[in-house]
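The values are calculated or read from the model by the stated rules, or taken from the named source; none is laboratory data. Owing to the predicted nature of the structure, the values given are computational and were not obtained by experimental measurement. Backbone-built Cβ (ideal geometry, glycine too); neighbour counts: all protein chains shown.
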Amino acid sequence: MLATNEWVGGYELDLVLRRGRTVVFCEVKSKSGGALGDPLEMVTAEKQRRLTQAAESWLAAHREHGECEARFDVVGVGPGGVEHLRQAF
């Protein structure tokens, strides 16, 4: 784990992880009631744009990880359990 809840470029990165030559930027969303919908639906196109911008800023500030591949994952936590979308966008 490289960072948690880190603010970069005006946006928050929930988790920044590294495994081998891949840096994973993981967004975590949760909803407590089923009537509220799927937590993964909260990651809109605008949210993806902001996360991408934050990830680019984070990588620019941490050049030691600059040669790594970047991946975006989303984890949704809801009444039905945990759902993980690898390479979400």
- Query: Under the condition of being more than 21 Å from THR4 (Cβ to Cβ) and part of a helix (DSSP H, G or I), which residue from the range 44-64 is nearest to the chain's Cα centre (by Cα)?
  - Reply: ARG49
- Among residues of the range 8-40, those that are charged (D, E, K, R) and either within 10 Å of the chain's Cα centre (by Cα) or closer than 12 Å to ALA88 by Cβ (or both), counted: 4
- Residue by residue through the range 1-52, note down the ones that are of a type in the set (Phe, Trp, Tyr) and within 13 Å of VAL75 (Cα to Cα). PHE25
- Query: Of everything in the range 17-38 that's among the small types (Gly, Ala, Ser) and either modelled with pLDDT of 95 or more or part of a strand (DSSP E or B) (or both), which residue is surrounded by the fewest Cβ atoms within 10 Å (Cβ to Cβ)?
  - Reply: GLY20
- Could you look through the range 13-32, keep only residues that are in contact with a helix residue (DSSP H, G or I) (Cβ under 7 Å, 6 or more places away or on another chain) and free of Cβ contacts under 8 Å to residues at least 60 places away in the same chain, and pick out the one that is farthest from ALA60 (Cα to Cα)? LYS31
- Message: I want to confirm something. Restricting to the range 1-12 and keeping residues that are part of a strand (DSSP E or B) and of a type in the set (A, V, I, L, M), which single residue is farthest from TRP58 (Cα to Cα)?
- Response: ALA3
- Message: Only one of GLU41, GLU83, GLU67 is at pLDDT below 95 and part of a loop (DSSP other than H, G, I, E, B). Can you tell me which?
- Response: GLU67
